[in-house]
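The values are calculated or read from the model by the stated rules, or taken from the named source; none is laboratory data. These numbers come from a predicted model, not from an experiment. Reconstructed Cβ throughout: ideal geometry from the backbone, glycine too, with neighbour counts over all protein chains shown.
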Amino acid sequence: MHAASRCTILDMMEPVIDGGARVAEAGRVDARDGTTAEVRHLREMIEALRTRLEECEGDAAASVQAAVQRSTEEIAQLEAAVQALRARLEEEDARRVDQLAEAEQRFRDEREQLTETIVALRVRLEAVDDRR
């Protein structure tokens, strides 16, 4: 929010302060409608304050809307980051599952090869024992 659009009591009183020159005339009676200049001045002051208050409310609404928009954008960015991290985590999990499956297959292949080697060596050993 810009300094010029801040709504403080002093800002709202600015039209009243500007109209201070008219206060000197406040004691005169307006012959046209029978009201005093003071009453007219007070009505003008009320209208100026009402207008300024409406401006301040508009500024506040715009400020809130801007904050909501920033929050919405930040939420969208965070959701995108969460999605990206979730996808990366799922990829890593799938990669680990694949690596585990490959390691298990290598283990089975090596065990089978060692079992075949043991059988072959046992057969050769028995053959040597039978010759003696």
Completion exercise
Scanning the stretch 80-105 residue by residue, those of a type in the set (A, V, I, L, M) and either exposed (fewer than 10 other Cβ atoms within 10 Å of the Cβ) or more than 27 Å from the chain's Cα centre (by Cα) (or both) turn out to be 94, 97, 100, 101, 103
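Name the residue, out of 71, 5, that is polar (S, T, N, Q) and modelled with pLDDT under 95. Quick ask: steps written out before the conclusion?
Values: 71 fails: modelled with pLDDT under 95.
5 is the lone residue from the list that is polar (S, T, N, Q) and modelled with pLDDT under 95.
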